[in-house]
Amino acid sequence: MLNRYATLQNRVIIDCAPGIPDPHERCPVRTASCWNELMKVCLTCVELFAWGKYGGFGRAARMLGREMVKQGVEVFAVVPQRSGQKPEEILDGITVLAFPQFQPWKALQLYRQCNADIYHSQEASLGSYLAMRAAPDRKHLITFRDHKLFRDWLVELKYPSRNYLRTILAWIYERNILVTKAIRGCDRLAVCAPHLAGSVIQNYHLQRPPLLLPTPVVVPEQTPVKSSSPTVCFLARWDKRKRPEQFLALAKEFTDVRFIAVGGSQNSAWDTKLRKRFGHLPNLEMTGFINQFDTGALSSLLEKSWILVNTSMREGLPTSFLEAMGHRCALLSRVNPDGVATRFGYHAKNDDFITGLSKLLEGDAWRDKGEAGYRYVRDRFELGNVVTEHLQAYLTIMED
């Protein structure tokens, strides 16, 4: 197998742009000829932004898989089966294999069926361990996207998305002795953002730091045309941990600002309550869920928005932050991963959203913050570069 990877490595050097002597260096040109027949990749994830389950993990996994398919890589994904989902489906060129939600051991056969060269977990879970059991002679990589500490799980329990039982089951699936065994036994660990590295190193006593494999983000080539009137948006599930009511309440305070709330809650009663309570406000638009893989409506909304507001009690580095900054929006947020709210907006650490919004609107202060955030995302999270970084990391891992 090592000889095969060495041959493939040489092929990448030949097929890529001239002047790239080392395949670990960033290649400015990637075509399908670089990667086809290169490898099979299996993504292990709890969701894939489809079949009624929409979150940051799934969005990142689906986008990564879709773009690797475009590069000629054969991509599989193994996920829990959702309502309306068949055991095997093709999504954006990804072969999606599903196991019954409450029978995770049935994923073992699916991982074997993939016969992948590298198994890449989008966050550590029982699936990571099962993939290693199913394919012990293959390479395994885990990327931490939202590594929850004990205090984070307490927040999840205090603000459950649906109910306490589902939160406890998620805890068991993501944090148990088998998951720890997978983390310590896999070939490499990675994080999607720098601020996660410290806790991962400390919790698992790593001898070497994890790789940095950023979340892929589509960065618009053209400068967006912002709305002529103040416009702020909210982009998240309307779950209680996200506290959408804090954003909706801002619309009462700033009657001359347009507010756009995207999303909905997994708890239908909570969703209905919020819409009845705030739906009468004339400066508030509630769009419902927007699937960014099916329509460009979300990008259009971010193009005209000035500020993205995040009121959540806990986050990793939200994909919505990166997408909004890629569209030159400033941030107004209670959470401040990697210091992005401080650098590219206002950190409302004491829930002082009214003060923060006032400061960002005053003298168009949001504009410079948004421009700085755009440069940050363009340089670190741009889709094409991030996919290339993943593929090069796969090659390196397979050579070890």
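The values are calculated or read from the model by the stated rules, or taken from the named source; none is laboratory data. Quick caveat, the model's predicted, so the values are computed rather than measured. Methodologically, a virtual Cβ is constructed for each residue, glycine included, from the backbone with ideal geometry; neighbour enumeration extends over all protein chains shown. Heavy atoms of the whole protein, side chains included, go into the accessibility calculation; ligands, DNA and RNA do not. Shrake-Rupley method; radii C 1.70, N 1.55, O 1.52, S 1.80 Å.
Positive-end ranking of Leu91, Gln101, Ile118 along the dipole of the stretch 66-167, with charges on Cβ about the Cα centre, is headed by Gln101. Sorted largest first by accessible area at a 1.4 angstrom probe radius, with every protein chain in place, the residues Lys369, Lys276, Lys86, Lys226 fall in the order Lys276, Lys86, Lys369, Lys226.
Of Asp271, Asp368, Asp379, the residue with the greatest mean-square motion in the GNM of the chain, using alpha carbon springs below 10 Å, is Asp379. Here the stretch 48-105 is treated with +1 on each Lys and Arg Cβ and -1 on each Asp and Glu Cβ, and its dipole about the Cα centre works out to around 220 debye.
With angles folded into 0 to 90 degrees, how steeply does helix 383-399 sit against the dominant principal axis of the chain? Use alpha carbons for both and round to 10. It is inclined by approximately 30 degrees. Quick note on the stretch 137-236: its Rg to Rh ratio, both from C-alpha atoms and Rh being the Kirkwood radius, is 1.09. Close amide H pairs (under 5 Å, H built 1.01 Å from N) link Lys40 with Asp117, Ile118, residues at least 5 positions away or on another chain. To the nearest 10, the accessible area of Met132 is 40 Å² with a 1.4 Å probe. The convex hull of the Cα atoms of the stretch 255-400, projected and averaged over all directions, covers 11.1 nm². Rounded to the nearest 500, the helix-only mean residue ellipticity at 222 nm of the chain stands at -12500 deg cm²/dmol, with each DSSP H run of n ≥ 4 adding -39,500 (n - 2.57). Put simply, the amide H of Ser121, placed in the peptide plane, has neighbours under 5 Å in Thr44, Leu141, Ile142, Thr143, leaving out anything fewer than 5 places away on its chain.
For Arg258, the amide hydrogen comes within under 5 Å of the amide hydrogens of Thr231, Val232, counting only partners 5 or more places away or on other chains and with H modelled in the peptide plane.
Residue-wise HN-Hα couplings along the stretch 352-361, as the Karplus relation 6.51 cos²θ - 1.76 cosθ + 1.60 with θ = phi - 60° gives them from phi, are 8, 5, 5, 4, x, 5, 4, 5, 6, 7 Hz; Gly and Pro carry x. The heavy atoms of Phe234 present about 10 square angstrom of accessible area, all protein chains included, probe 1.4 Å. With θ taken as phi - 60° and the Karplus curve 6.51 cos²θ - 1.76 cosθ + 1.60 applied, the whole-hertz 3J(HN,Hα) list for the stretch 215-228 is 6, x, 9, 6, 9, x, 6, 9, 5, x, 8, 6, 4, 6 Hz, x standing for glycine and proline. Each residue of the stretch 199-214 was assigned a 3J(HN,Hα) from its phi angle through the Karplus expression (A = 6.51, B = -1.76, C = 1.60, θ = phi - 60°), giving 5, 5, 4, 5, 5, 10, 6, 5, 7, 9, x, x, 5, 9, 10, x Hz with x at Gly and Pro. Accessible surface ranking for Arg138, Arg133, Arg314, 1.4 angstrom probe, highest first: Arg133, Arg138, Arg314.
On a per residue basis, the stretch 139-248 carries 48 Å² of accessible surface, using protein heavy atoms and a 1.4 Å probe. Taken along its three principal axes, the alpha carbon spread of the stretch 184-319 comes to 56, 39, 28 Å, from the longest extent down to the shortest. Of Lys106/Lys148; Lys86/Lys276; Lys40/Lys226; Lys181/Lys349; Lys40/Lys240; Lys240/Lys304, which ones are farther than 30 Å apart at the Cα? Going by Cα-Cα distance, Lys86/Lys276; Lys40/Lys226; Lys181/Lys349; Lys40/Lys240 fall outside the 30 Å limit.
Helix 2-15 axis versus longest C-alpha principal axis of the chain: approximately 60°, rounded to the nearest ten.
Here the label points at Thr295 and Tyr204, each 7 Å from Cα along the C-beta direction, are separated by 3.9 nm in the simple model. Extension gain for Thr180 to Ser229 (0.36 nm times residue separation, less C-alpha to C-alpha distance): 12.6 nm. Its Cα centre serving as origin, the chain has a Cβ charge dipole (Lys and Arg +1, Asp and Glu -1) of approximately 1200 debye. Residues Ser228, Ser128, Ser268, sorted by accessible area with the largest first, give Ser228, Ser268, Ser128 [1.4 Å probe; ligands and nucleic acids excluded].
Net charge dipole, the stretch 102-253: roughly 400 debye, given to the nearest 20, about the Cα centre with Cβ charges of +1 for Lys and Arg and -1 for Asp and Glu. Going by alpha carbons, how many degrees (0 to 90, nearest 10) lie between the helix axis of 164-174 and the longest principal axis of the chain? The angle comes out at about 30 degrees. With unit charges on the beta carbons (Lys and Arg positive, Asp and Glu negative) and the dipole taken about the Cα centre of the chain, which residue among Leu361, Leu317, Trp270 sits farthest to the positive side? Sorting the options by dipole projection puts first Trp270.
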